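These notes are about the structure you will find just below.
The values are calculated or read from the model by the stated rules, or taken from the named source; none is laboratory data. All values reported here derive from a predicted model rather than from experimental measurement. Cβ: placed from backbone, ideal geometry, glycine included. Neighbour counts: every protein chain shown. The accessibility values were calculated without ligands, DNA or RNA, using every heavy atom of the protein model including side chains. Shrake-Rupley method; radii C 1.70, N 1.55, O 1.52, S 1.80 Å.
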Amino acid sequence: MTIQENSSRTKKFLLAINCILLAIGNCGGPLITRLYFLKGGERIWLSSWLETVGWPIVLIPLSFSYFNRRREFRGKMILSTSTDNDNDNNAKFILMTPRIFVASIGIGILTGFDNYLYAYGVAKLPVSTSALLIASQLAFTAGFAFLLVKQKFTSYSINSIFLLTLGAVVLALHANGDRPNGESRKEYILGFIMTLGAAALYGLILPLFELLYKKAKQGITYTLVMEIQAVYCIFSTVVCTIGMIINKDFQAMSREAKSFELGEARYYIVIIWSAILWQCFFLGAIGVIYFSSSLVSGILITVLLPVTEILGVVFYGEKFTPEKGVSLVLSIWGFISYLYGDIKASKKKKENQSKEQEMIEKINCTP
């Protein structure tokens, strides 16, 4: 087996692992968050906090990466006495520059508020409804990408935005169809609005990451991406911690645990697993993006959307109304339209680059 074949197999194996992590987090995260609220949990800031408090898990792969860089650095120093930029990077404990660090803090603060909006929506809406509303983030992402990174609109992206918006409107027109028992219409509508707000804010955060990568002025590696994740998760957790302190959630946890329907011990099990599952989602998402592309990551999240809905219906007995069926079809149709347009644009771009390369070669070959 050649070195290239071995490297390709390793890449495919790591891609498969990250796909599994993404699937587990994407389906398990919303379900266990909803379980917390269904069984007596009432603390929205606590639920928001759990989405990123598991960031220390990222330190495990970062530690392996650092020790691997140190080993490679020592090997290069033995073979060569020269010191170049690559050697300097291998020797560094942290690859992130101050510029990226500050930008990651800003994204982290936005993520903290996005977590709150999302947690509020999950507290008031069935999982199947909130999952459909979150799918509308693709429309917001396209809009903010146009403004921030000058991404061009095509007929396919416009069609996608229209379909995703229409899907959300269909749900809004029949908002009372799956309202949980004991919940007022006002709370349900507010949860609906908060979830759309979470989708909009996350639609802003994704292009901000793309803008960060473009303005980074340094090579983007998987290690650097994990460092960025660790920083923005830390500051997102700080925002949610402040919210918990103001709302006195830390003091209320012991009381809430004692009154939890599944028992005190299982209350803390739900809390711990919530933090783990959400970190699986974040780790899996950035892993798939690095080893493949953001497009593949988006495909997986969309493919898993009906799975999350079905699990919500199976485990929590949620209603799957005709409106949800129509909204689901519109959401998937909208995503396919966006995906097809993106693939077509990428293919055209490669063809143009290939033609330009051929022209350059012909000019160079001309005597």
Discussion item. Looking at (1) in a loop (DSSP other than H, G, I, E, B); (2) open to solvent by less than 70 Å² (accessible area, probe 1.4 Å); (3) of a type outside the set (S, T, N, Q), which one does Phe209 not meet, given that it meets all the others?
Written reply: (1)
Worksheet item: Cβ-Cβ below 9 Å, separation at least six or inter-chain, first residue in the range 20-33 and in a helix (DSSP H, G or I), second of a type in the set (D, E, K, R) and surrounded by 24 or more Cβ atoms within 10 Å (Cβ to Cβ): which pairs?
Response: Gly29/Glu51; Thr33/Glu51
Fill in: Residue list for the range 261-286, filter: touching a Lys or Arg at 6+ places or on another chain (Cβ under 6 Å) and not aliphatic (A, V, I, L, M)
Glu261, Glu264
Discussion item. Looking at the structure I just gave you, is Ser254 closer than 28 Å to Phe101 by Cα and not aromatic (Phe, Trp, Tyr)?
Written reply: no
Worksheet, complete the sentence: The correct count of residues that are part of a helix (DSSP H, G or I) and either crowded, with 20+ Cβ neighbours inside 10 Å or of a type outside the set (D, E, K, R) (or both) in the range 240-262 is 16
Fill in: Out of Ser160, Ser155, sole residue that is open to solvent by 70 Å² or more (accessible area, probe 1.4 Å) and touching a residue at least 60 places away in the same chain (Cβ under 8 Å)
Ser155
Discussion item. Give me the residue from the range 303-343 that is open to solvent by less than 30 Å² (accessible area, probe 1.4 Å) and of a type in the set (D, E, K, R) and, out of that set, nearest to Leu166 (Cα to Cα).
Written reply: Lys324
Item to complete: Of the numbered conditions (1) touching a residue at least 40 places away in the same chain (Cβ under 8 Å); (2) part of a helix (DSSP H, G or I); (3) closer than 30 Å to Glu318 by Cα, Glu183 fails exactly one; give the number of that condition.
Response: (2)
Fill in: Any chance Ala230 is assigned to a helix (DSSP H, G or I), open to solvent by less than 60 Å² (accessible area, probe 1.4 Å) and either at negative phi or touching a residue at least 40 places away in the same chain (Cβ under 8 Å) (or both)
yes
Worksheet item: Yes or no: Leu190 open to solvent by 30 Å² or more (accessible area, probe 1.4 Å) and in contact with a Leu (Cβ under 6 Å, 6 or more places away or on another chain)?
Response: no
Fill in: From the options Thr195, Thr221, Thr237, residue that is of a type in the set (S, T, N, Q), surrounded by fewer than 19 Cβ atoms within 10 Å (Cβ to Cβ) and touching a residue at least 40 places away in the same chain (Cβ under 8 Å)
Thr221
